[in-house]
Amino acid sequence: MDKIAEKTLQLPPITLEEMSGIKLMNRTDTKFVATLEQLHSFLLAVRGKYYIQEVNGKRIASYHTTYFDTDDYQMYNIHHAGRKVREKIRVRTYLDSDDTFFEIKNKNNHGRTKKKRISVRGQHTIGEELENVVPFMAKHAWYTIDEISPVIENWFCRITLVNYDKTERLTIDFDLKFHHLKSDGHQQLQHVAIIELKRDGNVPSPALDLLRDTRIKRSGFSKYCIGSALTNDRLKKNNFKVRLRMIEKMENKR
């Protein structure tokens with residue numbers, strides 16, 4: 001963490017207000033999985049091309065997320081089956097500000113992600129805010145509030161980068177911790193970072209060359225699905241085995 005924090009100080013800051021036009025609520029996402037050593041190299045490589053988001057003097061943000069699913073894990077199984085059209089429902093808290101949102105993410109068969117969200121009072125207040133949550137879900141979700149329940153929670157640290165042209169965002173998540181609420185399984189990834197490139201369409205991206213140069217490979221990584229596979233032995237995971245083995249090798253590499 002100290003080495004990463006040190007490298008973030010070498011990038012020029014950008015404020016939330018300056019980033020207000022880069023919401024990318026309708027976007028394409030491309031994910032990459034890196035070791036922390038590769039991340040160190042990448043953060044050096046982006047100097048001169050990217051800003052780093054800074055909020056109240058902090059460049060590394062902390063998140064807490066709870067994902068919902070049906071009793072038979074329909075959302076997990078749809079993703080595991082490889083279906084491109086899928087949905088995730090979650091509550092996310094930005095721990096540094098304590099802002100919390102109930103979010104619905106839908107991905108279409110063209111790889112575009114649409115995210116809708118409403119503000120809620122806290123991680124465990126959904127049942128108390130049905131007057132807002134129920135119509136919100138009726139408009140945007142495949143499910144009703146009665147069909148879903150909290151399944152898994154995670155915590156992680158995030159760095160957000162913005163290219164100088166302000167056409168894309170890069171989020172870098174690390175120090176991931178998972179707790180499955182049904183199995184009570186726990187897992188922590190201490191040596192893995194998830195880099196996600198978020199942009200409208202396929203606009204040119206300076207990050208792609210930098211990722212290739214630092215040998216960081218493209219790889220799907222759903223924090224909900226991978227976290228669930230790592231913490232609940234009863235779930236199907238055959239289609240995630242390649243990614244799970246890759247993560248295991250990264251975690252065991254010293």
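Here are a few things to note about the model shown:
- Of 127, 122, 82, all but one fail to be surrounded by fewer than 18 Cβ atoms within 10 Å (Cβ to Cβ), assigned to a helix (DSSP H, G or I) and not charged (D, E, K, R); the exception is 127.
- Tallying residues that are assigned to a loop (DSSP other than H, G, I, E, B), of a type in the set (S, T, N, Q) and on the phi < 0 side of the Ramachandran plot within segment 51-79 yields 1.
- Any pair with Cβ under 8 angstrom, 6 or more apart, that starts in segment 51-69 at a residue that is over 26 Å from residue 87 (Cβ atoms) and ends at one that is buried (at least 20 other Cβ atoms within 10 Å of the Cβ) and of a type in the set (S, T, N, Q): 51/163; 52/160; 53/160; 59/53
- Scanning segment 147-159 finds no residues that are crowded, with 20+ Cβ neighbours inside 10 Å, touching a residue at least 12 places away in the same chain (Cβ under 8 Å), under 29 Å from residue 203 (Cβ atoms) and among the polar types (S, T, N, Q).
- Restricting segment 20-50 to residues that are surrounded by 14 or more Cβ atoms within 10 Å (Cβ to Cβ) and part of a loop (DSSP other than H, G, I, E, B), the residue that is modelled with the lowest pLDDT: 24
- Taken over segment 167-220, the criterion of being surrounded by fewer than 17 Cβ atoms within 10 Å (Cβ to Cβ) and either modelled with pLDDT under 90 or hydroxyl-bearing (Ser, Thr, Tyr) (or both) is satisfied by 167, 183, 200, 201, 202, 203, 204, 219, 220.
- Between 110, 140, the distinction of being farther than 29 Å from residue 55 by Cα and buried (at least 18 other Cβ atoms within 10 Å of the Cβ) belongs to 140 only.
- Among the residues listed as 177, 139, the single one being part of a helix (DSSP H, G or I), among the basic types (Lys, Arg) and either free of Cβ contacts under 8 Å to residues at least 24 places away in the same chain or closer than 22 Å to residue 44 by Cβ (or both): 139
For every residue, the table says whether it meets (1) among the hydroxyl-bearing types (Ser, Thr, Tyr); (2) within 27 Å of residue 206 (Cα to Cα); (3) at pLDDT 95 or above.
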site	(1), (2), (3)
58	no, yes, no
73	yes, no, yes
78	no, no, yes
90	no, no, yes
102	no, no, yes
109	no, yes, no
115	no, yes, no
125	yes, no, no
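- Segment 75-115 - residue that is out of contact with any Ser or Thr (no Cβ under 8 Å at 6 or more places or on another chain) and touching a residue at least 60 places away in the same chain (Cβ under 8 Å) and, of those, nearest to residue 152 (Cα to Cα): 75
- Leading residue by the ranking (nearest to residue 40 (Cα to Cα)) among those in segment 193-215 that are touching an Asp or Glu at 6+ places or on another chain (Cβ under 9 Å) and of a type in the set (D, E, K, R): 196
- Checking 143, 164 one by one, the residue that is among the aromatic types (Phe, Trp, Tyr) and at pLDDT below 95 is 164 and no other.
- Of all residues in segment 221-249, those satisfying the criterion of being in contact (Cβ under 8 Å) with a residue 24 or more places away in the chain, under 18 Å from residue 196 (Cα atoms) and crowded, with 16+ Cβ neighbours inside 10 Å are 221, 222, 223, 224, 225, 227, 243, 247.
- When the residues of segment 150-174 are filtered to those that are assigned to a strand (DSSP E or B) and over 20 Å from residue 226 (Cβ atoms), the one that is farthest from the chain's Cα centre (by Cα) is 163.
The values are calculated or read from the model by the stated rules, or taken from the named source; none is laboratory data. As the structure is a prediction and not an experimental result, all values here were calculated from the model. A quick note on method: Cβ atoms are made from the backbone with ideal geometry, for glycine too, and the neighbour counts reach across all protein chains shown.
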